[in-house]
Every structure is written in structure tokens, then in C-alpha cells.
Amino acid sequence: MLTDDDFTPRLAADAAVTAGLLDSGRPLAWVSGTMLLIMAVAWLMGHPVALPAFVGAVLMATVQGAFAQRVRFDAGIFRFWASRWHHPLSPAADLAAFDVRVGRQAPPAASVEADLAERRRGAIRLLMWQAACTTLQLGFTAIALWP
């Protein structure tokens, strides 16, 4: 039977990889903000803009911003866990303490590995939603600025 000491480095590596993946949300947020700025400047300078697409782009930028904040938060959490779990600390205790602090009411997972895997999937799902919003914003921006 594996003890925490046997698989803690693997959990730390999983958390570090997840934090690295979530860091790709920063360029998405930057691209989204840049697109919004370009569109707003073009509109303010008198370029004709399709209003429904303009509103859609602003809405997608707003939603993307919300996802970006959450992805940035999750990246920090996973980075923190990765740094802690290289030492003989209990990942189960860290995950439980985190759940208490954020008010998470999820049922306990079968194992720490399964719990971390579920959290990783959820965090990456948020990143996918952020990317989808940025892609939709790009489409709306192109439609809004198309002559």
C-alpha cells in the first residue's frame, strides 16, 4: 500500500504541471484586453462599428476577464501546493484546509489522487472556457470592425 510519502512527489509534479498550464491564461487575458482596446479606439476615432457585434465583443471580454481571474487564482493555488508537497506534508490535509477556507462542499473523493485529479480537470476546464470566450471575442471584434 502506498503512503503519502510514496506518491507526494508525483502529486507535487501534477500540481506544478497544472499551474504551468494555467499560466497560459495570462496571454489570453492580455490578447482579450488588447482586442477590446483596439476596438474601442477604432470606434472612438469614428470607424463604423456593427453595434450588436461590438456589444458581443465587450460581453465576451467581460466574461473572459472573470474566467481569467479564477484561472489566475487556481494557478497560484496549484503552484503553492506543488511547492509544499516536495516536503513531508500531507496533501490530504492541505486539500481539506483549502476546502474549509473557500467553503467547498464537495463530497470527499476516494483518494487524494482522485481529489487532485478532479481539481485539475476543473481548473483546466476554466482555462478552456477562458480560451473559448477569447475566441468568441475575436470573432465579434472582426465582425464589428469589418467594413
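The values are calculated or read from the model by the stated rules, or taken from the named source; none is laboratory data. Just so it is clear, the model here is predicted, and its values are computed rather than measured. Cβ placement follows ideal geometry from the backbone for every residue including glycine, while neighbour counts extend to all protein chains displayed.
Residue-wise test of (1) among the basic types (Lys, Arg); (2) closer than 13 Å to Cys133 by Cα; (3) under 19 Å from the mean Cα position of the chain (by Cα).
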| residue | (1), (2), (3) |
| --- | --- |
| Arg26 | yes, no, yes |
| Ala29 | no, yes, yes |
| Leu44 | no, no, no |
| Arg84 | yes, no, no |
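Inside segment 11-26, residues that are touching a helix residue (DSSP H, G or I) at 6+ places or on another chain (Cβ under 6 Å) and at pLDDT 95 or above make up a count of 5. Would you mention how many residues in segment 55-98 are over 19 Å from Arg125 (Cβ atoms) and either β-branched (Val, Ile, Thr) or touching a strand residue (DSSP E or B) at 6+ places or on another chain (Cβ under 9 Å) (or both)? Matching residues across segment 55-98 total 3. Only one entry in Ala92, Ala96, Ala110, Ala66 is without any contact (Cβ under 8 Å) to a residue 24 or more places away in the chain, surrounded by 12 or more Cβ atoms within 10 Å (Cβ to Cβ), of a type outside the set (Ser, Thr, Tyr) and farther than 27 Å from Ala29 by Cβ, namely Ala96. Can you find a residue that is within 14 Å of Ala142 (Cα to Cα), loosely packed, with under 15 Cβ neighbours inside 10 Å and free of Cβ contacts under 8 Å to residues at least 24 places away in the same chain anywhere in segment 8-28? No: segment 8-28 contains no residue that is within 14 Å of Ala142 (Cα to Cα), loosely packed, with under 15 Cβ neighbours inside 10 Å and free of Cβ contacts under 8 Å to residues at least 24 places away in the same chain.
Comparison of Phe73, Phe78 shows that the only residue that is more than 21 Å from Phe140 (Cβ to Cβ) and surrounded by fewer than 19 Cβ atoms within 10 Å (Cβ to Cβ) is Phe73.
For Ala29, the test of being among the small types (Gly, Ala, Ser), part of a helix (DSSP H, G or I) and modelled with pLDDT of 95 or more is passed. Here Ala19 qualifies as in contact with a Gly (Cβ under 9 Å, 6 or more places away or on another chain), among the aliphatic types (A, V, I, L, M) and under 24 Å from Val71 (Cα atoms).
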